[in-house]
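Beneath this line is the structure, given in structure tokens, with notes to follow.
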């Protein structure tokens, strides 16, 4: 042990303040990382392998949340990488992506944090000697952190890759990827009949696989599953009977319970149906990650799923269309609720009044309030406003 000099105490306080500021900016840091990873690491393809997208986000958050406390504390790299980072390493190996693109994402994430770190140090009221020392000590720790985590992530990736390559599971994964990509696949080799109706599901949670087996049993459907990450399973529930038209296709959804969440496509027939229903389930999952309910059907969220292809663009769209209506001010929240009811009622004040349990004059008064606040006509902007209200409900459940 050593006794800290006054200058070291000052550096500790400086780095603690910087770490706290970076912690407050965690969401912005992660969004910046993800945007740069999309642009600068195209080989780490989350677009065609969406099962990796949530894992990559969780890994970014996990690394930031582990790295920053130590930056403001003893500056010792962790003994172990964050669990989310190791999970992403295993998922990357299963997705048949090489190790180097994964490591590239770490270099990008490190650069984002380091660049912001330098800006915050520069903005502080420090002497040049203090600034030099804080920059040197803090950046040394951040490099040491990445070195430690990348080493363990590489080992985890390599071990998982070896397990996958020696397993028959990989063969099934590859067959499904080929099928989704447009290739002809023998259903016998896949162990699942393709000439039937398919209901695609993406299940997430620690009990996803077991819950899907129980669901298939209740619905009397055959089942094909692929474990894409530790807690994400792609599934297809097959039936030789065509589902009757209607908003819900199986009563089994009413009985789901536990910690598993489901994103569900529409039932469709044959090989094309296998692909189409899966694409819909993927789209529904984009919305499901923002919602509290256990089951999200594509038919209910098709609009939101389309608009959420780019979450940042969707947020900007909501802010532009709804503006002050999204503020926490109680009056504005009432106006937003009224606007939503009015739009859902086809711009009919009387119908909206029944829905909202107020008078139609109150609805008309509030709609005028919305127009005054937004500076535009609800009627002239009804399509955009309806989409924005629905998106706001997903992004701010």
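The values are calculated or read from the model by the stated rules, or taken from the named source; none is laboratory data. Quantities reported herein were computed from a predicted structural model and do not represent experimental measurements. Cβ placement follows ideal geometry from the backbone for every residue including glycine, while neighbour counts extend to all protein chains displayed.
Can residue 39 be described as out of contact with any strand residue (DSSP E or B) (no Cβ under 8 Å at 6 or more places or on another chain), in a helix (DSSP H, G or I), modelled with pLDDT under 95 and surrounded by fewer than 19 Cβ atoms within 10 Å (Cβ to Cβ)? Spelling it out, residue 39 is indeed out of contact with any strand residue (DSSP E or B) (no Cβ under 8 Å at 6 or more places or on another chain), in a helix (DSSP H, G or I), modelled with pLDDT under 95 and surrounded by fewer than 19 Cβ atoms within 10 Å (Cβ to Cβ). Only one of the numbered conditions (1) modelled with pLDDT under 90; (2) surrounded by 14 or more Cβ atoms within 10 Å (Cβ to Cβ) is not met by residue 335, and that is (1).
Quick grid of which residues meet (1) touching a strand residue (DSSP E or B) at 6+ places or on another chain (Cβ under 9 Å); (2) surrounded by fewer than 18 Cβ atoms within 10 Å (Cβ to Cβ):
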| residue | (1), (2) |
| --- | --- |
| 297 | yes, no |
| 304 | no, no |
| 311 | no, yes |
| 320 | no, yes |
| 327 | no, yes |
| 331 | no, yes |
| 347 | no, yes |
| 355 | no, yes |
| 364 | no, yes |
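Being within 18 Å of residue 92 (Cα to Cα) and touching a helix residue (DSSP H, G or I) at 6+ places or on another chain (Cβ under 9 Å) holds for only one residue in 51, 31, and it is 51. The listed residues are 161, 221, and the only one of them that is over 24 Å from the mean Cα position of the chain (by Cα), farther than 30 Å from residue 299 by Cβ, touching a residue at least 12 places away in the same chain (Cβ under 8 Å) and buried (at least 17 other Cβ atoms within 10 Å of the Cβ) turns out to be 161.
Residues that are outside any helix (DSSP H, G or I) and over 14 Å from residue 393 (Cα atoms) within region 297-327 comprise 297, 309, 310, listed in sequence order.
Restricting the search to helices (runs of 4 or more DSSP H) fully inside region 187-290 and requiring at least 3 residues that are in contact with a helix residue (DSSP H, G or I) (Cβ under 8 Å, 6 or more places away or on another chain) gives 208-219, 270-288.
Within region 345-360, the set of residues being part of a helix (DSSP H, G or I), in contact with a helix residue (DSSP H, G or I) (Cβ under 8 Å, 6 or more places away or on another chain) and either without any contact (Cβ under 8 Å) to a residue 12 or more places away in the chain or over 20 Å from residue 393 (Cβ atoms) (or both) comprises 349, 350, 353, 360.
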